[in-house]
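A quick write-up on the structure given underneath.
The values are calculated or read from the model by the stated rules, or taken from the named source; none is laboratory data. Note that the structure is a prediction, hence the values are computed from the model and not measured. Glycine gets a Cβ as well: all are built from the backbone with ideal geometry, and neighbour counts include every protein chain shown.
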Amino acid sequence: MTDLGEFSGRAQKAYQHESLPVAIYALTELLDKQMAAEQIGETAFMSKQVISIDLMLTHARLAKLYAEAGQTNSCEQHFIEALNCAKADSKLAITNRETLMDFLAKIDKGAK
């Protein structure tokens, strides 16, 4: 879990301040760690809901970056994955690309 926190911090900094390739690389590394955590399952430190939301945000950020880079296939793949993760938490009411990107914008605005 400590590694996940470190990867998350580095990925967030890269997402906010680095070039597209660097940000994509950092978020992809984070996604790998998050997917490994998902395989482990719920722990005392992370609930299934938190893992799903983290995965959703990482996929959404990657979709956004791939869209900016003009990589439509990768963008679409990550949007689909983000929406699938969002379905795991019905309280979020994220059902389409627009609501996902609005939610991401609010989260990212608060993170700065």
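Residues in segment 44-67 that are at pLDDT 95 or above and among the small types (Gly, Ala, Ser) were compared, and the one that is surrounded by the fewest Cβ atoms within 10 Å (Cβ to Cβ) is Ala67.
Of all the numbered requirements in (1) of a type in the set (Gly, Ala, Ser); (2) free of Cβ contacts under 8 Å to residues at least 24 places away in the same chain; (3) surrounded by 12 or more Cβ atoms within 10 Å (Cβ to Cβ), Gly41 misses one, and that requirement is (3). Quick check on my filter: what residues within segment 20-57 are among the small types (Gly, Ala, Ser) and more than 24 Å from Arg97 (Cα to Cα)? The answer is Ala36, Ala37, Gly41, Ala44, Ser47. I'd like to check something: does segment 2-10 contain any residue that is under 11 Å from the mean Cα position of the chain (by Cα) and of a type outside the set (Phe, Trp, Tyr)? There is at least one residue in segment 2-10 that is under 11 Å from the mean Cα position of the chain (by Cα) and of a type outside the set (Phe, Trp, Tyr). Annotation: of all residues in segment 48-107 being under 23 Å from Leu4 (Cα atoms) and of a type in the set (Asp, Glu), the one that is farthest from the chain's Cα centre (by Cα) is Asp89. Note on segment 68-92: among residues that are in contact (Cβ under 8 Å) with a residue 12 or more places away in the chain, closer than 16 Å to Pro21 by Cβ and small (Gly, Ala, Ser), the one that is surrounded by the most Cβ atoms within 10 Å (Cβ to Cβ) is Ser74. Look at segment 7-28: where a residue is in contact (Cβ under 8 Å) with a residue 12 or more places away in the chain and surrounded by 14 or more Cβ atoms within 10 Å (Cβ to Cβ) and a partner is hydroxyl-bearing (Ser, Thr, Tyr) and in a helix (DSSP H, G or I), sitting 6+ places away or on another chain with Cβ atoms under 8 Å, you get Ala11/Thr58; Ala14/Tyr25; Ala23/Tyr15; Ile24/Tyr66; Ala26/Tyr15; Leu27/Tyr15; Leu27/Thr58.
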